[in-house]
Amino acid sequence: MIPEDKAERGLKDWYDKLREPWGGVDNILRIHSINIPTLKGHYELYRSAMKGTRDLTGKQREMIAVVVSTVNQCHYWIVHHGAGLCKITRGSDLVEQIIKDYKKADIPKQDSTMLDYVVKLTKEPGSMVEADVQTLRDAGFSDVGILDIVQVAGYYAYVNRLADGLGVELESIGDEKKPVH
């Protein structure tokens, strides 16, 4: 990764755009510093998946992120989006429940159905059938919402492998590695 203080023109512009409130750029984006087109693509994919449409709430998107990352045992993203979900829910009880066993978490049936779908898609993508999509429709999700569910799950399948495949570590703030969201 090219350090922020060593970034030149094009990369420096991206680093400035991506700077987080904690003062730096997340390592998962900094790993692209040697290939700016992949940095841009990753950022646009993230925005599309996590900001997407209004058919899914931010809480639902964060729950998907945490569940996919838990299934994939991706520590980086469990911590990052666990912190994001904790911020949305104003507490860590739900996050801990979802990481431990989302099926026992105190969430609406619709969200449980969504997470069942996401787990199957993460573990067994080749076994997905139309009935799985219909289950989401029956739970009240629109086709746009279902597309969002798949995009968020697919995005985290991608970035879990990116983080683990490249050994991306949590960002350091001061002398500690902490969740930064």
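The values are calculated or read from the model by the stated rules, or taken from the named source; none is laboratory data. A quick note: this is a predicted structure, and the numbers were derived from the prediction, not measured. Here the Cβ positions follow ideal geometry from the backbone for every residue, glycine too, while neighbour counts run over all protein chains shown. Calculation scope for accessible area: heavy atoms of the full protein, side chains included, ligands and nucleic acids excluded. Shrake-Rupley method; radii C 1.70, N 1.55, O 1.52, S 1.80 Å.
Ignoring ligands, DNA and RNA, please state the percent of accessible area on the chain from carbon and sulfur, probe 1.4 Å. C and S fraction of accessible area: 51 percent. With the convex hull of the Cα atoms taken as the outline of the stretch 79-181, the averaged projected area works out to 7.8 nm².
Per residue, the chain exposes 54 Å² of accessible surface when a 1.4 Å probe is rolled over the protein heavy atoms with every protein chain present. Taking Ile64, Ile34, Ile149 as the candidate residues, the one with maximal mean-square fluctuation in a Gaussian network model of the chain, Cα springs under 10 Å, is Ile34. Over all distinct Cα-Cα pairs of the stretch 7-87, the Kirkwood formula returns a hydrodynamic radius of 13.8 Å. Listed peptides 80-89, 156-165 appear in the order 80-89, 156-165 once ranked by packing, highest mean of other Cβ atoms within 10 Å at the front.
Each principal axis of the Cα cloud of the stretch 32-130 was evaluated for its coordinate range; sorted largest first, these ranges are 42, 36, 28 Å.
In a reduced charge model with +1 at each Lys and Arg Cβ and -1 at each Asp and Glu Cβ, the stretch 1-48 shows a dipole moment near 100 debye about its Cα centre. Look at the Cα gyration tensor of the stretch 112-162: its axes a ≥ b ≥ c give a/c of at least 1.5 with a/b over b/c, and that counts as prolate. Label separation (His75 vs Lys87): 2.2 nm, computed from points 7 Å beyond Cα along the C-beta direction.
Between the stretch 47-89 and the stretch 134-150, how far is it from one alpha carbon centroid to the other, in angstrom? Here the answer is 17 Å between Cα centres. The ratio of the alpha-carbon radius of gyration of the chain to the globular-protein estimate 2.2 N^0.38 Å is 1.06.
Summing +1 for each Lys or Arg and -1 for each Asp or Glu among the other residues whose beta-carbon sits under 11 angstrom from that of Phe141 gives -4.
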